[in-house]
Every structure is written in structure tokens, then in C-alpha cells.
Amino acid sequence: METTSARRQIKSTLKVIKTRDAAYHELVDRFGLLFEKKEQVRTALMAANLQSPAVDADRMAAGMPVLGKENLTPWASAFRQSADSLLPVLAEVLQLERKTHRNLLAHLDNNENLLGLAQARIEGNRKHFENTSVQLGITPRTLLPYISEAVSAPVFCAIVCHLGESLSWEYGHCPVCGSFPSISQLTPKDVTDSEYLVGGGGKKYLHCSLCGHDWRYKRNACAACGNEDSESRELIYADGVKHERIEVCHKCGKYILNVDMREYASLPHLDTIQMGLIHLDVLAHERHLSPVSPTLWNTIN
Amino acid sequence: MPKTILIDTSRCTACRGCQIACKEWHELPANKTYQVGWGSHQNPPDLNPNNYKLVRFNEHLDNGVVRWNFFPDQCRHCDIAPCKETGDFYIEEAIVQDEQTGAILYTSKTKDFSKEQFEEIREACPYDVPRRNETTGLMVKCTMCNDRLHNGMPPACVKVCPTGAMQFGEREDMLKLAHSRLSDLKKDWPNAMLADPDAVNVIYLLIDKPEHYHKYSVAQANIGPMSKQQFLATLARPFKVMKG
């Protein structure tokens, strides 16, 4: 399989999505720039060698993520850098009204507010987003969480990039920031210790919707409730494309998208490919299922 | 830019997973096979309308050591394909090249080639790959799994290879990988070489002399007087220059 840098992966994933149909073509033209810009910010922050958070094994054993109660102040300048780079692109891509844009800029100009939204995101404090949206006059209600997520994600990605796979974890939420996964993958073929064999891949990993951390998870379990009963779990795919599918849990009514990396000639970028799988989200919504983690793509009406 | 398959024969263990995957993807029927009197694990003995891919077995003595070489044979998807150049003389576009992937494809128009014309096309191929289905009259060979490629998937043979002998990707990346692997292997295998890397999109990395794999492991060049395929390759040169 090809190995590509994240930036190249984003470009090739956008190219693939663009060829799917006219609606996707439009989405790529509109949002493509944002994916590339986010990656640029992430790369710049990674080069800055941000302080790594302390990992407390006891807390983790109890299911508490690394950044659970972490004060984000040490990374304030990184959040500022990210906001300054991405807010103009977000305003353009999301076609924010002038007044909304002005209110947003004024609000996020204050570091305390900027960090407050990031903190609310990792704590799952929806009320904070609802109140701030009302205060700033931002609609729909999914918009502010998306903006905050877009600004915070490159910083969290840069913070966690050195943690690697060393974290021992068996839960469905992210071991680093505690967010739920936005997509899962079955891994591609990998290099093993043997010079003569290539690993078969196919291990299931969940991909964090915020910090992008990937952690291994039981292949037969629901990411939302841990249900392992095969009778109440289902795989749904569209148009015979079996490697892009919906993993459904009828016990909790949630679903998560899943991609089988072994079937791709060129590995897709996991955050970007979600924009190209909206047809699966539509299929899931038709069946009255709700996503494990709401994103801009799976909450479009 | 065309896509390229790199086949590193030093890693091939002749498991024939690629051969089976090819048959399965193309839903090709079984052959009646035999081994008595043939004395080789190579099965079936040659490429045929039901086998677009064949792992060839070749053994020889090298200073008292038996060398057993494996060669997963298939269409090379030439940059300028002599089969297409020849076919176009008789029926324009019966053989086409997908500009996006570089795959050389035989269309349903190939059934209108006469048997003699087919023989001429087959002779033009420097690797003896084209075959003809005598029942339908269609010409057949490896398609590079062009349908899979257009859906973002790798060729079936590459997907199943358990040893990493087969790699697939952009031509530029595969050439880089091929040269890097070649320089590693040269240390232990001085005869290691790439088979016609500038002319084809299925590049073989060999560690032994080409004749110790298969008669057509490399294009038959510089041997005797100019053959028909060499003549046709000469004809194709101006097109190659025009393509840059």
C-alpha cells in the first residue's frame, strides 16, 4: 500500500470524494481548503514541541482520559495561533453572516473564552455551547461546536501526537481527551517483525472526533455501549461498497461509520473521508439511528 | 500519472494467492489441470483465457545449489503497448489505454479480430501475454483490475499478497521503492535488476538472470535480427517522444 504524508492523504481523499457525485463535488470545493488549512496549523504546532500532558496510569485504569480535568492554560498560545489562522477560513467556508462573524471574533479574541469552549468540548458541556450560541446569535446550534472543534482539533492533535499507542485502554471514548469517536477503521496491512510476511491488518481502531487519536477497540463491540451481542448488531452498506459501512447497535440505537483500510489503494484521511460518507449517514438517519458522535456531516438535515 | 504495480520476486513464495484472487475477482472458470508428465508445480502450464495471472516456477543449478525462482506473470501494461499499436492497424480502439490508470484494456471489439490478426497482435507483445477465448473470440489478459482502481481499491492480486511481494501505487512512488529495494538486494544478489522499468507499468524486480525466471521476463531486445515486436516498438518511438 501507499504511504503518504497527512497533507497528501487529505488531497487524495478530497479528490476521491469529488468524483463521487455532483453534491460531493460542491462540498469538496467548499470545505477542501479548511481540511488543508487545519493540517497546516497542526504541522506548525507539532514542530513547536508543545508540552505533553502527564499520564496518570491509575486514573486511566478507572476510565478517566488523560486530559479529563487538565487545565488548558499552558497551551493558550497554541489555541490562539490556531484561532487566528482558522477563523478567517471558517468564516469563508461556513459563509457566516457579517454580524455573526463580528460577534464570534470579538468573543474569541478573549483567550479565556477561547479556552472555555475547548474545555467545554472535552468535558462534553453542551449547555455552555448552547448558552454561548444564544449570546452570540449563532444558528444552527451545531455551528458553534463545529467552529470550536475546528479551532481546537489541531492543538489537541499536536498535544497528543507524542503519546502514541502506549496507552492501555478498553473504553469507547478517547483515552486522551474523552471525546467519542467519529469513525472507526479496520487497519491496513502492516509491517511485522518477520521480513517475509506482511501483517493481515483488520484490527479495529476508533478515531477520536476531536484530537484524532486512534485506539484499539474490540472488533465485535459497539463503541457507544460496549454491546457484544451479534444478534443486536448489524452492518449496513450501500451500492455493494462493503468496505465503507455503518456499524449499527440496535441495543442503544447508535451507529458509527467504519472503513476497511485493507480495501483502499490509497489510504484515506480519516477526518476527511467522513465528508464523503454522508450517503451512509442519510441511510442511518432514515432508520432512526443516531451517531455515536455528532459531527457537521452526520447532523446535516 | 499512471498507476504501477511493483513485483519484488525476492519476496515471492509462490503461494499463488495472487493467481487465485485474480480468478475470483474476474469470476473465471476452472481449468482442467494435470501434473503427470509435466513435472512442475506451475499450474496451469501457461496463461490462458481462464488465467490472466500465473505464477511461473523455474529451477536451475547455480554452483551446485538449486535455485528455485518464482515469477507471477501478467500483462505489463506497457506505456506504449505494441498490442494496441498493432491492433489499431486493423480495428481502431479495439484495444484501449485508460489514461487515468495507464491500464491497457481489451474491449468487446477484439472479438472482430480474425485469428490471424490475433496471432499478429500476440507476436507483437514482447512478453507473450495476449490470449484469445476460442468460444467467444474475445481477447483477454490482466486488466490491472481497472474497475477496482476506479473505485479507489487496489488490484485484487496486490491486496491478497501476504509477503509484500506486490506493491501498488503512483508510478513515481513505485519507481522510488523499486530503486531503493534494488540497491538493498544488489549487496547479496549482484545480478539483481528491474525489468524494463521505463517502458512498463508492471515492474518486476529480479534477483537472478532474467532467463532463470521465464523466457519473457524481460522484453526480447538485442537478440539477433530485428523481430516484429522490436520493429513495432521502433514505430511506436515517435509517439513516445510526443507523449513526453
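Between the exposed loop cleavage positions of chain B, defined as trypsin sites (Lys or Arg not before Pro) in a non-H, G, I, E, B DSSP state with at most 13 neighbouring beta-carbon atoms within 10 angstrom, the longest gap is B:33-186.
What is the magnitude of the charge dipole of the stretch B:1-100 about its Cα centre, with +1 placed on the Cβ of each Lys and Arg, -1 on the Cβ of each Asp and Glu, and no other charges, expressed in debye to the nearest 20? Walk me through the numbers before you get to the answer.
Details: 10 positive and 14 negative charges, 124 e Å.
Dipole size: approximately 600 debye.
For chain A, a Gaussian network of Cα nodes joined below 10 Å ranks A:TYR264, A:TYR24, A:TYR196 by mean-square fluctuation, and the top entry is A:TYR196.
By the beta-carbon count within 10 Å of each Cβ, the least crowded to most crowded order of A:LYS127, A:LYS15, fewest first, is A:LYS127, A:LYS15. For the stretch B:1-60 versus the stretch A:79-156, the spacing of their alpha-carbon centroids is 58 Å.
Going highest first, how would you order A:131-144, A:226-239 by mean Cβ packing within 10 Å? Let's see the in-between values first.
Details: A:131-144: 15.4, A:226-239: 12.6.
Descending mean neighbour count gives A:131-144, A:226-239.
Sequence-ordered 3J(HN,Hα) estimates for the stretch B:120-126 from the Karplus curve with 6.51, -1.76 and 1.60 and θ = phi - 60° stand at 5, 5, 4, 5, 5, 6, x Hz, glycine and proline given as x.
Give me a single rounded figure for A:265-277: the average over its residues of other chain Cβ atoms within 10 Å of their Cβ. Walk me through the numbers on the way to the answer.
Numbers: counts 15, 8, 0, 1, 0, 0, 0, 0, 0, 0, 0, 0, 0.
Mean shielding by partner chains, rounded to a whole number: 2.
A Gaussian network model of chain B, with springs between Cα atoms under 10 Å, assigns the largest mean-square fluctuation among B:GLN74, B:GLN42, B:GLN100 to B:GLN100.
Considering only alpha-carbon pairs that sit under 8 angstrom and 6 or more positions apart, the relative contact order computed for the stretch A:20-160 is 36 percent. Counting every other Cβ atom within 10 Å of each residue's Cβ, A:CYS161, B:CYS22, B:CYS83 order from fewest to most as A:CYS161, B:CYS22, B:CYS83.
Does chain A come out rounded, prolate or oblate, given a ≥ b ≥ c as the square roots of the eigenvalues of its C-alpha gyration tensor, rounded meaning a/c under 1.5 and, failing that, prolate meaning a/b above b/c? Before the final figure, lay out the partial values.
Numbers: a/c = 1.41, a/b = 1.25, b/c = 1.13.
Judged from the Cα gyration tensor, chain A comes out rounded (a/c under 1.5).
Residues whose amide H lies under 5 Å from that of B:VAL140, counting only those 5 or more places away or on a different chain, are B:ARG131, B:ARG132, B:ASN133; hydrogens are built 1.01 Å from N in the peptide plane. Can you tell which of A:LEU197, A:LEU267, A:GLY253 lies farthest toward the positive end of the dipole of the stretch A:187-269, using +1 and -1 charges on the Cβ of basic and acidic side chains (Lys, Arg; Asp, Glu)? Among A:LEU197, A:LEU267, A:GLY253, the one farthest towards the positive end of the dipole of the stretch A:187-269 is A:GLY253.
Here the Karplus relation 6.51 cos²θ - 1.76 cosθ + 1.60, evaluated at θ = phi - 60°, turns the backbone of the stretch A:205-221 into coupling constants of 10, 9, 10, 5, 6, 10, 8, x, 5, 10, 10, 6, 9, 4, 5, 9, 10 Hz, with x for every Gly and Pro.
What shape does the stretch B:145-190 take by its C-alpha gyration tensor, where a ≥ b ≥ c are the square roots of the eigenvalues and a/c under 1.5 counts as rounded, a/b above b/c as prolate, and the rest as oblate? Taking the square roots of the gyration eigenvalues as a ≥ b ≥ c, the stretch B:145-190 is oblate.
Taking amide H as placed 1.01 Å from N in the peptide plane, A:ILE183 has its amide H under 5 Å from the amide H of A:HIS207, each at least 5 places away in sequence or on another chain.
Which entries of A:LYS11/B:LYS3; B:LYS23/B:LYS215; A:LYS11/A:LYS218; A:LYS99/A:LYS127 have Cα-Cα distances beyond 28 Å here? Write down the numbers at each step before the final one.
Details: A:LYS11/B:LYS3 17 Å; B:LYS23/B:LYS215 24 Å; A:LYS11/A:LYS218 31 Å; A:LYS99/A:LYS127 23 Å.
Beyond 28 Å: A:LYS11/A:LYS218.
The C-alpha atoms of the stretch A:20-160 occupy a region whose extents along the principal axes are 49, 35, 27 Å, arranged from largest to smallest. In a simple Cβ point-charge model (Lys, Arg +1; Asp, Glu -1; nothing else charged), the stretch B:68-155 has a dipole of about 360 debye relative to its Cα centre.
When DSSP beta bridges are restricted to pairs lying wholly in chain A, around 75% turn out antiparallel.
Each Lys and Arg Cβ is given +1 and each Asp and Glu Cβ -1; about its Cα centre, the protein assembly as shown then shows a dipole of about 240 debye. Distance from the C-alpha centroid of the stretch B:164-205 to that of the stretch B:112-148: 27 Å, rounded to the whole angstrom.
Taking the charge dipole of the protein assembly as shown about its Cα centre, with +1 at Lys and Arg Cβ atoms and -1 at Asp and Glu Cβ atoms, the residue from A:LEU45, B:VAL65, A:LEU136 reaching farthest to the positive side is A:LEU136. Taking a ≥ b ≥ c as the square roots of the Cα gyration tensor eigenvalues, with a/c under 1.5 meaning rounded and otherwise prolate when a/b beats b/c, else oblate, which class fits chain B? It is rounded, given that a/c, with a ≥ b ≥ c, falls under 1.5.
Read-outs: derived from the displayed coordinates by stated rules, not from any lab. Predicted, not measured: the structure shown is a model, and the values here were computed from it. Glycine also receives a Cβ, built like all others from the backbone with ideal geometry; neighbour counts cover every protein chain displayed.
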